[in-house]
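Everything below concerns the one structure shown next.
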Amino acid sequence: MVDFAQARRTMVDSQLRTFDVNDLPLLAAMDTVSRERFVLPGWEDLAYSDQDIPLGSGARARMMLSPMVLGRLIQALEIGEGTRVLDVACGLGYSSAVMAQLGGTVVALDEDEALTAAAKERLSSLSPSVRVQTGPLAHGDAEHGPYDAILVNGSVETRPESLFAQLADRGRLACVVGQGPIGRATLFIRAGEAIGSRILFDAAAPTLEAFRSEPGFVF
């Protein structure tokens, strides 16, 4: 029987802290939110492992990002009390729960109704303030924007222009950019009509079909 409280502590100490996740409120949030509640039945024992966790099957199936990658991406977004957040490809809602724990006002978006229904059920008791929406990932959710922070849970091969348009001035978007197994976690920042970017670290993350490029395209 896995001691999940101890598994969370080990994740924080052995994965997050050693990977330059040093924001104390974020470490506390990831030590508080029960990651095992946001995986499919049968995957609970692997919830705190250093790997992406599948949340379904098929080409468009969602994945829960590994704790190390997710932690660094959320840290870069600098989420605090009242930060307006869009969580793209939220899966079963773990990343949304963590960002709500940090004080963010979170819109959780995914495109599969069964997935968002399951996310809403899981979040209702832990983070009832999270609004769960169903819709195309590439379209975002302009109705509840603009957002101070947008997290994309996966790798993109094309520029997420619709999501950039939903950023507030000085708003931040974090995702992994790349093709194939190796990419770069990148922070995009909006300044007026311009979008600047900064590479954070090398990272691997599943490519989101909604942001897959046509053959021959270069980001």
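Name every residue in segment 95-120 that is of a type in the set (D, E, K, R), part of a helix (DSSP H, G or I) and at pLDDT 95 or above, in order of residue number.
Result: LYS120, single match.
Would you mind telling me which numbered condition in (1) more than 26 Å from PRO67 (Cβ to Cβ); (2) at pLDDT 95 or above ILE189 fails?
Among (1) more than 26 Å from PRO67 (Cβ to Cβ); (2) at pLDDT 95 or above, the lone unmet condition for ILE189 is (1).
Can you pull out the residues in segment 116-140 that are over 19 Å from VAL33 (Cα atoms), surrounded by 18 or more Cβ atoms within 10 Å (Cβ to Cβ) and not polar (S, T, N, Q)?
LEU137, GLY140
Out of all the residues in segment 145-155, is one or more without any contact (Cβ under 8 Å) to a residue 40 or more places away in the chain and under 17 Å from the mean Cα position of the chain (by Cα)?
Taking segment 145-155 first, the residues without any contact (Cβ under 8 Å) to a residue 40 or more places away in the chain are none.
No, the conditions are met nowhere in segment 145-155.
Take the residues in segment 129-161 that are farther than 13 Å from THR207 by Cβ and hydroxyl-bearing (Ser, Thr, Tyr), then tell me which one is modelled with the lowest pLDDT.
SER129
Of all the residues that make up segment 37-53, how many are surrounded by fewer than 17 Cβ atoms within 10 Å (Cβ to Cβ) and either without any contact (Cβ under 8 Å) to a residue 40 or more places away in the chain or in contact with a strand residue (DSSP E or B) (Cβ under 9 Å, 6 or more places away or on another chain) (or both)?
Adding up the residues that qualify gives 8.
Yes or no, residue by residue, for (1) closer than 18 Å to SER127 by Cβ; (2) of a type in the set (A, V, I, L, M):
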position	(1), (2)
MET30	yes, yes
VAL33	yes, yes
VAL39	yes, yes
ASP50	no, no
SER66	no, no
GLY71	yes, no
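Here is a yes/no grid of residues against (1) in contact with a Phe, Trp or Tyr (Cβ under 6 Å, 6 or more places away or on another chain); (2) farther than 18 Å from SER95 by Cα:
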position	(1), (2)
GLU111	no, no
SER127	no, no
ASP141	no, no
PRO146	no, yes
VAL156	yes, no
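Restricted to segment 8-21, and to residues that are touching a residue at least 40 places away in the same chain (Cβ under 8 Å) and out of contact with any Lys or Arg (no Cβ under 8 Å at 6 or more places or on another chain), which residue is surrounded by the fewest Cβ atoms within 10 Å (Cβ to Cβ)? Step through it out loud before you land on a result.
Going residue by residue through segment 8-21, those that are touching a residue at least 40 places away in the same chain (Cβ under 8 Å) are 8, 11, 15-16, 19-21.
Filter once more, keeping what is out of contact with any Lys or Arg (no Cβ under 8 Å at 6 or more places or on another chain): 15-16.
Numbers: GLN15: 18, LEU16: 22.
The residue in question is GLN15.
Is it the case that GLY71 is assigned to a loop (DSSP other than H, G, I, E, B), touching a residue at least 12 places away in the same chain (Cβ under 8 Å) and not polar (S, T, N, Q)? Let's see the steps before the verdict.
Numbers: assigned to a loop (DSSP other than H, G, I, E, B): no; touching a residue at least 12 places away in the same chain (Cβ under 8 Å): yes; not polar (S, T, N, Q): yes.
When the stated conditions are applied, GLY71 does not pass them.
The values are calculated or read from the model by the stated rules, or taken from the named source; none is laboratory data. What you see is a predicted model; the values in this text were computed from it and never measured. Using ideal geometry, Cβ is built from the backbone for each residue, glycine included, and neighbour counts are taken over all protein chains shown.
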